[in-house]
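The values are calculated or read from the model by the stated rules, or taken from the named source; none is laboratory data. All figures in this text were calculated on a predicted structure; none of them were measured in a lab. A quick note on method: Cβ atoms are made from the backbone with ideal geometry, for glycine too, and the neighbour counts reach across all protein chains shown. The accessibility values were calculated without ligands, DNA or RNA, using every heavy atom of the protein model including side chains. Shrake-Rupley method; radii C 1.70, N 1.55, O 1.52, S 1.80 Å.
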Amino acid sequence: MNADRPLDGKRIVVTRAIEQARDLKTRLENLGAVVLLLPAVSFSEPSETTDLDRAIRSLEMFDWILFTSANAVRFFAGRCRKLGVSPGEGGKPSCAAVCPATASAAVAEGFMIDFVAQEFLGNALAREMGAALSCKRVLLPRSDRAGRDLPAALKAAGAEVTEVTAYHTGGTCAAEPGVLNAVREARVDVVSFFSPSAVETLCGELGAEVLSRLGAKAALAAVGPVTAAALRNAGLPVAIEAPVASAESMAAAIQNYFSARAASQARSL
């Protein structure tokens, strides 16, 4: 293995939306990888914003805003600006984030972050905040495809929860034919996933038989336990799990995986 290019020649598929894949693509290419873009998700503003706009115009009525992804931050802040509301103005409500990457995105948009979960899960955010949520009004901006676990956990903690759709998540798989064919034929070394939505889209596009063959020949990489669980629930093995939802974390996890394999092979000689 080339120490300067530990991923030399490895064909790595990135299923993130194009606008979010650039950083990971650059990091992987700097490590020697051949990066194939297969955007399995896309993000856009919601078509209906009545509830979102009402919440933004009455932010002072909430005690907390909980951000569970950088996308939630980005679209929520964008809508705030369209309505003439400055993110984070006045210091209320308090803001919490599910992980450091989401917290950084929020700070970049002008929000002050008062709490970051130690375990990077929505349910963990509710559990770790605990009594701080009791009898508090919580605003939860999220995707139209978000799950129900977090709202249930917040309500169980005694919070009064207002959910609003901050953005729409769609599936695309709008890649060059050569990329999709390479995945179908398992002529790749890694397929990386950043969300359960990406897993769902690719499962629908390729089918169970192709995915099973892919999982047997290529390493499937997931960012965080929720995406990893989505892969396992689809009957697929998770070879690589990045702990943090960031390009840096995913690139490091992939590099560590191949470094460990190379070391194991060297010991067996």
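Taking a spot 7 Å from the Cα of S268 along the direction of its beta carbon, which residues of the range 206-221 have an amide N less than 18 Å from it?
Under 18 Å, as judged by backbone N against the label point of S268, lie 216-220 of the range 206-221.
For the range 215-223, in order, what is each residue's ³J(HN,Hα) by Karplus, 6.51 cos²θ - 1.76 cosθ + 1.60 with θ = phi - 60°, in whole Hz (x at glycine and Pro)?
The phi angles translate into x, 7, 10, 10, 7, 9, 10, 10, 9 Hz.
Enter the angle in degrees (range 0 to 90, nearest 10) between the Cα long axis of helix 18-30 and the first principal axis of the Cα atoms of the chain, meaning the one along which they spread out most.
40 degrees
Give the accessible area for V223 in Å² (nearest 10); use a 1.4 Å probe, count only protein heavy atoms, and leave out ligands, DNA and RNA.
Counting only protein heavy atoms, V223 exposes about 10 Å² to solvent.
For the chain, what is the Kirkwood hydrodynamic radius in Å, using each pair of distinct C-alpha atoms?
Its Kirkwood hydrodynamic radius stands at 19.6 Å.
Amide H to amide H under 5 Å from E160: which residues, 5+ apart in sequence or cross-chain, H placed 1.01 Å off N in plane?
For E160, whose amide H was placed from the backbone, the distant partners under 5 Å are C135, K136, R137, V138.
Whole number please: convex hull volume per residue, Cα atoms of the range 189-269, in Å³.
Dividing the Cα hull volume of the range 189-269 by its residues yields 88 Å³.
If packing is taken as the mean number of other Cβ atoms within 10 Å per residue, what is the order of 18-25, 175-182, highest first?
Put in order of decreasing packing, that is 18-25, 175-182.
Can you list the lysines whose alpha carbon is less than 16 Å from that of K136, not counting same-chain residues fewer than 8 positions off?
Output for K136: K92, K155.
Kindly list the residues of the range 212-248 that lie in the label zone of V34, defined by a backbone N under 17 Å from the point 7 Å along the Cα-to-C-beta vector.
218-219, by backbone N distance to the label point.
How far is the Cα center of the range 145-174 from the Cα center of the range 1-68, in Å?
18 Å
Work out from phi, with θ = phi - 60° and the Karplus expression 6.51 cos²θ - 1.76 cosθ + 1.60, the ³J(HN,Hα) of each residue of the range 54-71, listed in order in whole Hz, and give x for Gly and Pro.
Whole-Hz 3J(HN,Hα) from phi for the range 54-71: 4, 5, 5, 6, 10, 4, 5, 7, 9, 8, 9, 10, 10, 9, 10, 6, 5, 5.
Would you calculate the separation in nanometres between label points at E60 and N181, each defined as 7 Å from the Cα along the Cα-to-beta-carbon direction?
Output for this residue pair reads 6.2 nm.
For A208, put the label point 7 Å out on the Cα→Cβ axis and report which residues of the range 217-240 keep their amide N under 14 Å from it.
Once the point is set 7 Å along Cα→Cβ of A208, 233-236 turn out to lie under 14 Å by backbone N, inside the range 217-240.
Can you list residues whose amide H is under 5 Å from V116's amide H, if they're 5+ apart or on another chain and H is modeled 1.01 Å from N?
A97
Ratio of the range 1-137's C-alpha Rg to 2.2 N^0.38 Å, to two decimals?
1.30
Applying 1/(1 + (r/R0)^6) with R0 = 30 Å to the Cβ-Cβ distance of E160 and I18, what FRET efficiency is obtained, to the nearest 0.05?
Efficiency computed from Cβ-Cβ geometry: 0.20.
Excluding residues on the same chain fewer than 8 positions from K10, give the lysines whose Cα lies under 21 Å from its Cα.
Result set, ordered by chain and number: K25, K217.
Near the amide H of F193, under 5 Å away, which other amide H atoms are found, from residues 5 or more places off or on another chain, if H is placed in the peptide plane?
Placed amide hydrogens put A221, A222, V223 under 5 Å from F193.
Would you calculate the convex hull of the Cα atoms in the range 139-227 and tell me its volume per residue in Å³?
Looking at the range 139-227, the number lands at 105 Å³ per residue.
Tell me the mean residue ellipticity at 222 nm calculated for the chain from its helices only (DSSP H runs of n ≥ 4, each -39500 (n - 2.57), averaged over every residue, nearest 500).
Roughly -13500 deg cm²/dmol at 222 nm, from the helical runs in the chain.
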